[in-house]
Amino acid sequence: MPHGNSIPILQGAAKVFTLADLQECGAWKRAFQDKCKDHRYYEIVEETLRCGFEHYYLLIEDDSGNVRAIQPVFFVRQNLVEGVRGKVRSIVDGIRKIFPRFLTTRVLMVGCAASTGDLDASEEKGEAWVANALWASLRTYARQNKASLIVLKDFPAKYRPALETFHLNGYARIASMPMTRLALHYEDWDEYFRTLSKATRKDLRRKFRKAARAPMIEMEVVSEIAPFIDEMYPLYLAVHERSPLKFETLTKDYFRAAARQMPERARFFIWRQSGKIVAFSFCLVCGETIYDECIGL
């Protein structure tokens, strides 16, 4: 396996690889094996997204040469006025016709370009070691690649103890969009419905009555999406384009690859009305948990 740039750290070294370099690497096949999004998901993201991301992988070894983790990273040129509207945005857009990189910066991001971040550590006590190794190597790697900002992208709060070394050494913790959870410990819909507030139940009954007057809506759950992707993808784009804040744009190939390469986890909930697809939800099923990744309406 060819070696790329190597960054010495106190406990070992962080070596930079491309995805092609890792194809025969056993440690990569085991990466994130205890997570819902294992190494296959990172391959899908790199191979199917067309967002200008530059993907690399830090293979972290200890001082005995043992591979302790393989951590995906990527570079992106971040728009510093993303989400800004009105006159200010019009002025910036005008300047960018002459200077395309005006108010943008090159950023080194740790994690996944199309999901929350995870540390590649098979056990909780190993997370702190991996985090310390990342802290020791990222600044050098960013400087080598002329990145002016380092971001650990969308790491859940459960990683805060392991990532405390960043917080104690000059990194700021910034709240991201929160994930929501719903424990499904109900026997059926009626039991769940009774737990809702009176106002919510009233609102849902009103919506159900309205839906009952329209053509019937039918739901289907599939794991193979290729036959439906041309009809579904515009629904995803409709939701995506309504958002004032955008980062990645998923592609048709992304959905097809998820179904093909992660068939035991990928599930597509499809709703039809009069035979036409009117909505869908892409989910990953892992153990007893369903992760809702995106929707189309």
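Quick note: the coordinates plus some simple rules give every number you see, no bench work behind them. Because the structure is predicted, anything quoted here is derived from the model rather than measured. Don't worry about glycine lacking a Cβ; one is built from the backbone with ideal geometry, like all the others, and counts go over all protein chains shown.
Values as computed for the structure displayed
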{"read-out": "FRET efficiency, 1/(1 + (r/R0)^6) with R0 25 Å, evaluated for Arg173 and Asp34 via beta carbons", "value": "0.50"}
{"read-out": "Sites Val88 and Arg139 - FRET efficiency at Förster radius 35 Å, r taken between beta-carbons, to 0.05", "value": "0.65"}
{"read-out": "Cα centroid of region 1-59 to Cα centroid of region 264-286, whole Å", "value": "30 Å"}
{"read-out": "Over region 162-221 - Rg/Rh using Cα atoms and the Kirkwood inverse-distance radius", "value": "1.27"}
{"read-out": "The chain - mean residue ellipticity at 222 nm from DSSP helices (-39,500 (n - 2.57) per run, n ≥ 4, rounded to 500)", "value": "-9500 deg cm²/dmol"}
{"read-out": "Cβ-isolated cysteines (cut-off 4.7 Å), the chain", "value": "Cys25, Cys51, Cys112, Cys283, Cys294"}
{"read-out": "Antiparallel %, DSSP beta bridges [both residues in the chain], to 5", "value": "90 percent"}
{"read-out": "At R0 = 35 Å, FRET efficiency that the Cβ-Cβ distance of Asp154 and Met216 yields, to 0.05", "value": "0.35"}
{"read-out": "Rg(Cα) / (2.2 N^0.38 Å) computed for the chain, rounded to two decimals", "value": "1.15"}
{"read-out": "Label point distance in nm, His185-Thr165, each placed 7 Å from Cα along Cα→Cβ", "value": "3.6 nm"}
{"read-out": "Contour excess over end-to-end distance, with Cα ends at Lys146 and Ile277 and 0.36 nm allotted per residue", "value": "42.6 nm"}
{"read-out": "Charge dipole (the chain, unit charges on Cβ, about Cα centre) - positive-most of Phe255, Thr200, Tyr42", "value": "Thr200"}
{"read-out": "Whole-Hz ³J(HN,Hα) from phi, Karplus 6.51 cos²θ - 1.76 cosθ + 1.60, for region 53-61, glycine and proline x", "value": "6, 10, 8, 9, 9, 8, 8, 9, 10"}
{"read-out": "Spin-label pair Ser223/Phe99, simplified geometry with 7 Å Cα→Cβ offset, distance in nm", "value": "5.4 nm"}
{"read-out": "Per-q log10 I(q)/I(0), region 215-296, q = 0.26 Å⁻¹ (Debye; single scatterer per alpha-carbon; no solvent)", "value": "-1.35"}
{"read-out": "Two-site label geometry, Glu264 and Arg206: point separation in nm, points 7 Å out along Cα→Cβ", "value": "4.6 nm"}
